Amino acid sequence: METSSVGIDNSAVTAFLLTDATSWWQEINDSHLWQDRIFFTLAALYGVVAIVALVQLVRIQLRVPEYGWTTQKVFHFLNFLVNGVRAVVFVFRRDVQNLEPPILQHILLDMPSLAFFTTYALLVLFWAEIYYQARAVSTDGLRPTFLTVNAVVYVIQIVLWLILWWNPVHVLAILSKMFFASVSLFAALGFLIYGGRLFLMLQRFPVESKGRRKKLQEVGYVTTICFSCFLVRCIMMCFNAFDQAADLDVLDHPVLNFIYYLLVEIVPSSLVLFILRKLPPKRGITQYHPIR
């Protein structure tokens, strides 16, 4: 009898705690004050990441001004652009929610996600070029493939937006979110394949040096971070498509928005910018060959 009583008491306590946690979550979600606090916090975090990316871009330009838009410069510029636009959108998040027609809301919230994909797909391209050049394999087809894939992704998304504008049905909204999930999965696989290949190639490199070890760690960390963030984005977009409680495009889910954007964009971008903070060598000290 005592065991049963303890079991009942434990069940009651668990139910009480769950109810309390749910009410706390709902109270924050329903509060206009907390919504604004969370969205302004996201805006501030995105703003910091954008400034860091811009400062790094300027530092690279000052270090090697004789070269044009190298992959490294474009990567940092796109990071600045994506995070800067996100910061502005979250500052005016309540106004964005009231835009008419509703398709404008989708474009402002989803376009930075497409640009985020392009930014980190550029990093996959960079690694693929290094990998194939090291194996004496032609890289002539990589850039056209990169541009084609990005063009196809943007065209499909624009077509989905146009159809949603013309006929805003729920099925098309689900299809659009699942398309984003597919794109995220594709990016995750790209990091796994080319980041993994480059990591294994560096691991088998016969010369043991400090530079080799640092590059090995750099590739390993960035591959893990980017693969994880795009995989999490894919999973979250699937929930977002089919579960109304996981909808990210509404004002009354600020906590979910904070967790989602922190995990899939802010933290990964911050970590990658920190890991890739090393500047290219000055001309005259060693030859710098930018991959264009």
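When the stretch 28-47 is examined, which residues are found to be over 17 Å from Phe92 (Cα atoms) and loosely packed, with under 14 Cβ neighbours inside 10 Å?
Asp30, the sole residue that qualifies.
I'm trying to understand the selection: among the residues of the stretch 229-240, which are open to solvent by 40 Å² or more (accessible area, probe 1.4 Å), touching a residue at least 12 places away in the same chain (Cβ under 8 Å) and not aliphatic (A, V, I, L, M)?
The one that is open to solvent by 40 Å² or more (accessible area, probe 1.4 Å), touching a residue at least 12 places away in the same chain (Cβ under 8 Å) and not aliphatic (A, V, I, L, M): Cys238.
Here's a check for you: in the stretch 64-117, which residue that is touching a residue at least 60 places away in the same chain (Cβ under 8 Å), over 23 Å from Cys226 (Cβ atoms) and not in a helix (DSSP H, G or I) is least open to solvent (accessible area, probe 1.4 Å)?
Val64
Do we have Pro280 as in contact with a Lys or Arg (Cβ under 9 Å, 6 or more places away or on another chain), outside any helix (DSSP H, G or I) and either at pLDDT 75 or above or surrounded by 16 or more Cβ atoms within 10 Å (Cβ to Cβ) (or both) here? Talk me through it step by step, then tell me what you get.
Working: in contact with a Lys or Arg (Cβ under 9 Å, 6 or more places away or on another chain): yes; outside any helix (DSSP H, G or I): yes; either at pLDDT 75 or above or surrounded by 16 or more Cβ atoms within 10 Å (Cβ to Cβ) (or both): yes.
When the stated conditions are applied, Pro280 passes them.
Considering only residues that are closer than 18 Å to Ile163 by Cα and modelled with pLDDT of 90 or more, which ones fall in the stretch 91-113?
Met111
Among the residues of the stretch 118-138, write down those that are open to solvent by less than 50 Å² (accessible area, probe 1.4 Å) and either without any contact (Cβ under 8 Å) to a residue 24 or more places away in the chain or within 20 Å of the chain's Cα centre (by Cα) (or both).
Thr118, Thr119, Tyr120, Ala121, Leu122, Leu123, Val124, Leu125, Trp127, Ala128, Tyr132, listed by residue number.
Does Ala136 fit the bill of being of a type in the set (Gly, Ala, Ser) and assigned to a loop (DSSP other than H, G, I, E, B)? Walk me through it before giving the result.
Numbers: of a type in the set (Gly, Ala, Ser): yes; assigned to a loop (DSSP other than H, G, I, E, B): yes.
Judged against the criteria, Ala136 is a match.
The values are calculated or read from the model by the stated rules, or taken from the named source; none is laboratory data. Owing to the predicted nature of the structure, the values given are computational and were not obtained by experimental measurement. Neighbour counts are summed over all protein chains in view; Cβ atoms, including those assigned to glycine, are modelled from backbone coordinates with ideal geometry. Note: accessible area is taken over every heavy atom of the protein model, side chains too, but ligands, DNA and RNA are not part of it. Shrake-Rupley method; radii C 1.70, N 1.55, O 1.52, S 1.80 Å.
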